[in-house]
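J.: I have a structure I would like to understand better, so I am pasting it below and will then ask my questions one at a time.
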Ligand SMILES: [Zn+2]
């Protein structure tokens, strides 16, 4: 995982810097999993100054969403981010060199059943509030019950191990779930460990008729726009 789009551009800019190789002959591969994301999240939270903390957090979440829930060619997304908005021109998508243009991004989590996933998150995983972040992947895998939850989310087919990580990262990027510290642990300290991090469902507040209401972000259909959902949900 990368902490920001600036680092992302820095790293993939090293590929074929001399422009001597054929297009696509060399590549930049980014490997991400839940713990690499949480490690970077904890690193942001370690910052003592709240403004530095929130800037780093914003950069991390922006990079995560461009990478795991892309809505356009990665190259275009990066150009849009770094070029002057007044002179930016969309040069069109790349020739099938990024996961968005090849369609590989659809495989990050694969196709899931939203109803089953929402049910699993609300009734089985977060039914008692927050859970230890490092246990989330194994809760979804549900080996203890011979993979019952996993099968309900993805259907009967077998999935790649990485797709559980892919799904969790997409849930973070879509702000359906969020990391938080366990009780008694606070931001701005140096000694955070992964076991100090919990995950919870994101709650959104909205106003209606002068009163404010709280709803879980997962109940908003728009929160799921980046996911590949099976036909039962369409
Ligand atoms: Zn592309």
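Just so it is clear, none of the values below were taken in a lab; they were calculated from the coordinates. Every value quoted in this text rests on a predicted model; they were computed, and no experiment measured them. Methodologically, a virtual Cβ is constructed for each residue, glycine included, from the backbone with ideal geometry; neighbour enumeration extends over all protein chains shown.
J.: Between residue 14 and residue 106, what FRET efficiency comes out of the Förster formula 1/(1 + (r/R0)^6) with R0 = 30 Å and r the beta carbon distance, rounded to 0.05? Don't skip to the end; give the middle numbers.
T.: Numbers: r = 27 Å, r/R0 = 0.91.
Efficiency, rounded to the nearest 0.05: 0.65.
J.: Give me 108, 181 sorted ascending by neighbouring Cβ count inside 10 Å, so fewest comes first. Numbers along the way, then the final one.
T.: Details: 108 23, 181 17.
With the fewest neighbours first, 108, 181 line up as 181, 108.
J.: Just the number, please: percent antiparallel of the DSSP beta bridges in region 5-233, rounded to the nearest 5. All intermediate terms of the calculation are to be shown ahead of the outcome.
T.: On the way: 13 of 15 bridges.
Here the share of antiparallel DSSP bridges comes out near 85 percent.
J.: Work out, step by step, the length gained on full extension between residue 215 and residue 49: first 0.36 nm times the residue separation, then minus their alpha carbon distance; give nm to one decimal. Kindly include the intermediate steps, with their values, before the conclusion.
T.: Details: separation 166, 0.36 × 166 = 59.76 nm, distance 3.02 nm.
Contour length minus the Cα-Cα distance gives 56.7 nm.
J.: If you count, for each residue, the other Cβ atoms within 10 Å and average over each peptide, how do 66-75, 219-228, 193-202 line up from highest to lowest?
T.: Numbers: 66-75: 19.3, 219-228: 14.4, 193-202: 17.2.
Per-residue Cβ counts within 10 Å, averaged per peptide and sorted highest first, yield 66-75, 193-202, 219-228.
J.: Continuing with this model, one more query. Can you sort 183, 79 so the residue with the fewest Cβ neighbours within 10 Å comes first?
T.: Details: 183 8, 79 15.
Result, fewest neighbours first: 183, 79.
J.: Still on this structure: Do you know the relative contact order of region 5-233, to the nearest whole percent, from alpha carbon pairs under 8 angstrom that are 6+ apart? Walk me through the numbers before you get to the answer.
T.: Details: 273 pairs, mean separation 56.4, N = 229.
Once divided by the residue count of region 5-233, the mean separation gives 25 percent.
J.: To make sure I understand, if each residue's beta carbon is the centre and we count other beta carbons within 10 Å, what order do 83, 51 fall in, fewest to most? List each step's numbers first, then the result.
T.: On the way: 83 11, 51 8.
Placing the least packed residue first, the sequence is 51, 83.
J.: Rounded to the nearest 500 deg cm²/dmol, what is the calculated helix-only ellipticity per residue at 222 nm for the chain, with -39500 (n - 2.57) per DSSP H run of length n ≥ 4?
T.: On the way: 9 runs with 84 residues, N = 234.
The helix-only estimate for the chain comes to -10500 deg cm²/dmol at 222 nm.
J.: So, one more: Can you work out the FRET efficiency for the pair residue 80 and residue 28, with r the C-beta to C-beta distance and R0 = 30 Å, to the nearest 0.05?
T.: Working: r = 19 Å, r/R0 = 0.62.
For R0 = 30 Å, the calculated efficiency reads 0.95.
J.: Taking the Cβ-Cβ separation of residue 225 and residue 200 as r and a Förster radius of 25 Å, what is the calculated FRET efficiency to the nearest 0.05? If you can, show how the numbers build up before the last one.
T.: Details: r = 22 Å, r/R0 = 0.87.
The value I calculate is 0.70.
J.: Right, here's the next one. Using only the Cα atoms of region 93-234, build the gyration tensor, take square roots of its eigenvalues as a ≥ b ≥ c, and label the shape rounded, prolate or oblate: rounded if a/c is under 1.5, else prolate if a/b is larger than b/c, else oblate. Walk me through the numbers before you get to the answer.
T.: Values: a/c = 1.40, a/b = 1.25, b/c = 1.12.
Here region 93-234 falls in the rounded category.
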